[in-house]
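Down below is the structure, laid out as C-alpha cells.
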Amino acid sequence: MAIELFLSLGLGMYHYRLDNVPLWLLFGHGFIFALVFRLSRKQWAIKRTIVIQKTLLCFAVLYSVFWLIWANDWFGFLSAIAFMAIVYFAKKMRLFLLIMFTVVCYIELIGAATGCWDWPETAFNVSSWLASGNPPSGIAVFYLIINIIVFWIYMRLLHPTTKRRYQNIILRKI
C-alpha cells in the first residue's frame, strides 16, 4: 500500500478516479500474484510450457509495438523491453512472468477503459520527452518490481524462518 501511495499520490505516475488509493488494492495485487502463480503451476500449463511461453512472448511484443505505434507509448515500450530482459534471464520463472504480463495488460485495459484509473500523457507526468499510453503497455514490469520488494521484505525482515524452511525443503529434494 505504501508503494501505491508513493507511486500514485507522490510521483503522480497514475491517478485513481476518487483522488485516493482504494483499499481494495491491499488485496488486488496479492490476488493477481496468486492467480498468476496458480495458473503457471497448473498441470496443463506445465505440459505446454514452451508453446504457452512462445505464444505469450509474441503477444507481449506485438502488444507493446501496437501501443507504441497507435498511442506513441514510449514509456510502455521501454518498460516492456525491461520486462523482456527480465524474462530472458529468469528462465525458471519465464512462464509465470509472461502470464503476469498478459493478466496485467488485461486488468490495466479494463481499469483504464472503465475510468477506475488513468495514466498521464507522459511518464510520471513530468518527463515531456517520454510519452505514455493509457495504460502503458509494459506496466507489468512495475508489478514485478513491487512483488519482488514485497517478497524481499517478507522473507528477509518479517519471516526469516520461512526462508530457512523453504531452503531445507529444497535441500531434502536433492
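Which angle between 0 and 90 degrees, to the nearest 10, do you get for helix 49-71 versus the longest principal axis of the chain when only C-alpha atoms count?
The angle comes out near 10 degrees.
Provide the gained length on full extension for the span Ile81 to Cys58, in nm with one decimal, where the gain is 0.36 nm per separating residue minus the Cα-Cα distance. Can you show the working numbers first?
On the way: separation 23, 0.36 × 23 = 8.28 nm, distance 1.30 nm.
Full extension of this stretch gives 7.0 nm more.
Student exercise: in the chain, how many lysine pairs 8 or more apart or on different chains have Cα atoms under 21 Å apart?
Summing the qualifying lysine pairs gives 12.
On a 0 to 90 degree scale, rounded to 10, what angle separates helix 160-173 from the longest Cα axis of the chain?
Compared with the principal axis, the helix lies near 50 degrees.
Given R₀ = 25 Å, what would the calculated FRET efficiency be for Thr161 paired with Val51, taking r from the Cβ atoms and rounding to 0.05?
0.05
Just need the relative contact order of the chain here, percent rounded to a whole number, with Cα pairs under 8 Å and 6+ apart. Before the final figure, lay out each step's value.
Numbers: 182 pairs, mean separation 46.4, N = 174.
In percent, rounded to a whole number, it is 27.
Please label the shape of the chain as rounded, prolate or oblate, based on the square roots a ≥ b ≥ c of the eigenvalues of the alpha-carbon gyration tensor (a/c under 1.5 means rounded; beyond that, a/b larger than b/c means prolate, else oblate).
On the way: a/c = 2.06, a/b = 1.34, b/c = 1.53.
Oblate shape, in that a/c is at least 1.5 and b/c is the bigger or equal ratio.
At 0.36 nm per residue, and after removing the present C-alpha to C-alpha distance, how many nm does the segment from Trp44 to Tyr154 gain when stretched out fully? Display every interim value, and only then the final one.
Numbers: separation 110, 0.36 × 110 = 39.60 nm, distance 3.03 nm.
Difference between extended and current length: 36.6 nm.
Values quoted throughout were computed directly from the atomic coordinates according to the rules given, and no laboratory measurement underlies them. Please read all numbers here as calculations on a predicted model, not as lab measurements. Cβ coordinates were reconstructed from backbone atoms using ideal geometry, including for glycine residues, and neighbour counts include every protein chain displayed.
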